[in-house]
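All remarks here apply to the structure that follows.
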Amino acid sequence: MTGHDESPGGLAARCAELEAKNRRLEAHAQRLEGERNHYQWLAESTTDLISRHARDGTFLYASRAARDLLGYEPEELIGVSAYDLFHPTDLADLLNKSPRVYYHAGFYQQTYRFRARDGHYVWFETTSRTRRDPDTGELLDILCVSRDVGRRLRAEANRERLARVVESTTDHVLFMDEHERLFYANEAARRLLRQPHKDVTARLADAYIEESLAELRDIVLPAVARYGSWSGELAMRGPRGPIPVLSVVMAHRGPGSEPGHVSLLNRDIGLRKAAETQARRHQEQIAHANRLATTGEFASNIAHELNQPLGAIANYASGALLKLDASPDQPAEALRLPLERISDQVDRLGERLRHIRAFVRKGQTRPRPIALLEVVDAACRLCEWQFQQAGIRLEHHLPEALPRVVADPVALEQVMVNLLLNALEASRDLRGAERVSLRARQSGRREVTLMVIDQGPGVPTAEAERIFAPFHSGRPEGLGMGLAISHSLMEAMGGDLRLLPTAGSGGAIFAATLLAEPDPLTPARHP
């Protein structure tokens, strides 16, 4: 007996069983083929290069990504040793490692340069896994997944270079989180904060003085949160007192950035501030010297200014004495008029002396709202005697409706005197020159322009570009400092001094432009 049912019914059952088994085997084979096709599709569709290699590195298979990454058709790589396409330096690094790392261990990762078809090298990061026979342990092949990491490596190199620059710069660089904790400071900032290690433990309040800290909290950080950046002047804490810095504050934005994190870049401008102070002091000294020189030119004018009130005082005093001689017993009331006139002249004399002393006095330029007409009148009084001696009329017609201007009265008077004396010198010996005029107008919503107009020969075109340069003079005896100083003084007051074109009509027109005091009825405009 065979143990099998040989009856027709048994044979039918046996055939059905075999047929079902065959169908299962066929379905399994189809599933395997489907999975193999699916994996093949994945391998051919990915942008990474998937490859299979023999023990000596020879390509046994390469996916279609070889075209885009290396310029090779996959079939061209079959039979080629991958080691022949390694950059020599990177191949030496790989082969110098213990074989256990890249061969026996079964899994390893390598970053290296691989030569493309056109000869240039592509930075690859390859993850490799060895496949062995489970019974014998013999190496069957090596499966690799490689991707182009050149862009990432270049970005990392750029970040590293920038980090070295930030670390080595003399500017104080700080990174701060939303809780005002400083989580990074470069070497210059660490020295300032007395933080010996890179792990900074300081806070924002440790870096800035109280006034700047308040400005950071109230103005700067809200502006950075809204606009992304802010720049301006602040002051940091230094071992010998506050350090003025030009600060740039920027929000950290982009992938991976934490909300509220900012960078604070601080450049020490202490030397620049000291140089500006020294230059300002030097300018004030030059301006003072110019006023002294002008006062020397005014010697005859000063004598005239003093002689008039002194002569009037002498006349009134002489008249009072004559009255007393004629009537010794007359009441004191009879002398009231001459005594009042003497008192008026003494006041006038005192005012003249104070004006001359204020003009000569050395001091800083302090712009403030002033009435333009008062300064123009004072400048004209100082120059009046010279104009009378030269026979030139000095005219000034200023509209009464002009707004007040922002200027230092002594500095503006010095500018006016320099311009008037230059106009007088230009007109003095020119036939037909009869007057020098001052005109003023409101040239903008917050701008007033004062013009000094003469009837002299004008300024040659070749000299117009250099006329405000120091030591440039159109007169043989001139020092060439008057216009240069006037130009500097106007800029120090927030204004401007320029020579206007005259279209060939002769003469010269100098225009001094100043800021006007804002109208209190005009609503403020916010940026």
Can you classify region 136-243 as rounded, prolate or oblate using the Cα gyration tensor, where a ≥ b ≥ c are the square roots of its eigenvalues, rounded means a/c under 1.5, and otherwise it's prolate if a/b beats b/c and oblate if not? prolate
13 Å beta-carbon shell around D206, net charge (K/R +1, D/E -1): +3
Sorted from fewest to most neighbouring beta carbons within 10 Å, what does the list T46, T461 look like? T461, T46
Show me the ranking of peptides 12-22, 411-421, 52-62 by mean Cβ neighbours inside 10 Å, starting with the highest. 411-421, 52-62, 12-22
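Going by how many other beta carbons lie within 10 Å of each one, how would you line up T449, T127, fewest first?
The fewest-first ordering by Cβ neighbours comes to T127, T449.
Could you calculate the contour length gain from E211 to N158, that is, 0.36 nm times the residue separation minus the distance between their Cα atoms, to one decimal place in nm?
Gain in length upon complete extension: 15.4 nm.
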Distance between Cα centroids, region 134-184 to region 385-460: provide it in whole Å. 69
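We did not get these values from a lab; they are worked out from the coordinates using the rules stated. Please read all numbers here as calculations on a predicted model, not as lab measurements. In this analysis, Cβ positions are derived from the backbone assuming ideal geometry, glycine residues included, and neighbour counts consider all displayed protein chains.
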